[in-house]
Amino acid sequence: MPDRTAAIRFGIVLYEGVEPIDLGGTVGVLSMARRLLPNLTDAVIAREAGSVRMAGGLAVEVPYGFEDAPPCDVYVVCGGPGWPRAAADAAMRRFLQGRAPDRLASVCTGAMILAEAGCLNGRAATTRRSAAGAETAAPLDVLRSGGVDARTAVVVDDGVVTGGGVSLAIDATLYLIGRFYGSAVRDEVAALIEYDRALKANEDALGVLRLESHLD
């Protein structure tokens, strides 16, 4: 049985132009989960420590840069309209390429950054299903056209864990909590944040794919 007192640290990777909902769907969920899991922590990481301006203009003070980030059990790359610039950043790519695949995850268009870094080569993944704003194609289709085995799902776990679009950041974070602490704890956290019904509905509608090709 997983140990509820286990010390687990999530790294949440931000960049200019991240959607605030992706920060809420990761750090916000972890904040509530700590009421049940006292040794669950997070480290918010960007290219450099300091102020990072998110989509919509909200700024967040990030405590860690790539060079001084603490070791984490999983690194979750957030999504947002700033992803193309982040994906082109050599420092971002080096940082992600330096992590073990089973310690990498993304929410929403964070998967596009993982793909550009080569972290999804030969793997299945998911991302946002619909185009938004000035986008001419849905991110899921862009991911597929780049050679990734892109799937429609809430979460795809093919060693690297990728979550679907926008509010499904919550589902992906809950999935990762379950990966470390077990499904019963995941369900308790979902109930605590009043997301248990939504979690089940999303899974019933889109599915959670746990593939065997890169899993023990």
Relative contact order computed over the chain (Cα-Cα under 8 Å; 6+ residues apart), in percent: 19 percent
Within-12-Å neighbourhood charge of VAL52 [Cβ basis; K, R +1; D, E -1]: -1
Estimated vicinal HN-Hα couplings, Hz - segment 114-126 in sequence order (Karplus 6.51, -1.76, 1.60; Gly, Pro = x): 4, 5, 5, 7, x, 7, 10, 4, x, 10, 8, 7, 9
Distance from segment 1-31 to segment 50-68 (C-alpha centre basis), Å: 15 Å
For segment 25-179: accessible area per residue (Å², 1.4 Å): 40 Å²
Trypsin sites (Lys or Arg not before Pro) within segment 161-204: DSSP coil, no more than 10 neighbouring Cβ in 10 Å: none
Structure-based [θ]222 nm, the chain - -39500 (n - 2.57) summed over DSSP H runs of at least 4, per residue, nearest 500: -9000 deg cm²/dmol
Rounded to 5, the percent of DSSP beta bridges in the chain classed as antiparallel: 25 percent
Percent carbon-and-sulfur accessible area, the chain, ignoring ligands, DNA and RNA, probe 1.4 Å: 50 percent
Taking all pairs of distinct alpha-carbon atoms in segment 72-216, Kirkwood radius in angstrom: 15.1 Å
Förster radius 25 Å - calculated FRET efficiency between ALA132 and ALA59 (Cβ-Cβ, nearest 0.05): 0.70
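The values are calculated or read from the model by the stated rules, or taken from the named source; none is laboratory data. Everything quoted here is computed from the prediction, not taken from an experiment. In this analysis, Cβ positions are derived from the backbone assuming ideal geometry, glycine residues included, and neighbour counts consider all displayed protein chains. Surface areas here come from the heavy atoms of the whole protein model, side chains and all, with no ligands, DNA or RNA. Shrake-Rupley method; radii C 1.70, N 1.55, O 1.52, S 1.80 Å.
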